[in-house]
Amino acid sequence: MTRDEAWELLCEYTKGDSLRKHGLAVEAAMRHFARKLNENEETWAITGLLHDFDYERDPTGHPQNGKPILEQAGVPGPIVHAIQSHGDHTGVPRVTPMEKTLYAVDELCGFVTAVTLVRPSKAVRDVDAGSVRKKMKDKAFARAVSREMMLKGAEDMAIPFEELTTEVIAAMSDVADRLGLAGTES
């Protein structure tokens, strides 16, 4: 599957701009880590882009009910498995570095986006790991984002949470224009 085919599949099932941008953010983070870990960037990027493709249409059946759609579309098995494993509720174990990374960056990308949008500049480049950690303590802020999953993701990758956060911010900063998080020039 090519990146363009993955984008078409995402757009077919996801009409909302914010969920599409989340897919782009996770794609950027996955590409970033694939590069760092000397893994296949395209495979990792497509995994990130497609991970929530079915969420808008079927939030309660996500991602299990999306599996046959991905298989029918010709998405490779390792990508399908990673998508199936990215939620704790599925019971699908995360074994490979790609699976562990997807789990680690998914919630964190959403949280970094939320932190960015409350900053005066609305620029992801102005967010740092300390500001993310501080916002995590406010349970009312982005309450739907699991702090436990974010922390467990870093633990599963065997890197400090602050380092994971810094890397995700860097990845998202590289595509800030596409995410609507470039902010305003000071």
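When the listed pairs Lys36/Lys137; Lys36/Lys100; Lys21/Lys122; Lys100/Lys122; Lys15/Lys122 are checked against a 21 Å cut-off, the alpha-carbon distance exceeds it for Lys36/Lys137; Lys100/Lys122; Lys15/Lys122. Three semi-axes describe the equivalent ellipsoid of the chain; taken as square roots of 5 times the Cα gyration tensor eigenvalues and ordered largest first, they are 25, 18, 16 Å.
The C-alpha atoms of the chain define a longest principal axis, and helix 17-36 lies at about 90 degrees to it.
The loop-placed GluC sites (Glu not before Pro) in region 154-186, going by DSSP, that have at most 14 neighbouring Cβ atoms within 10 Å of their Cβ come out as Glu185. Using 0.36 nm per residue and subtracting the Cα-Cα separation, the extra length available between Asp88 and Asp174 on full extension is 28.1 nm.
Hey, can you rank 8-14, 47-53 by average C-beta count inside 10 Å, highest first?
Final packing ranking: 47-53, 8-14.
Bear in mind that the values in this text are calculations on the coordinates, not laboratory data. These figures come from a predicted structure and were not determined experimentally. Backbone-built Cβ (ideal geometry, glycine too); neighbour counts: all protein chains shown.
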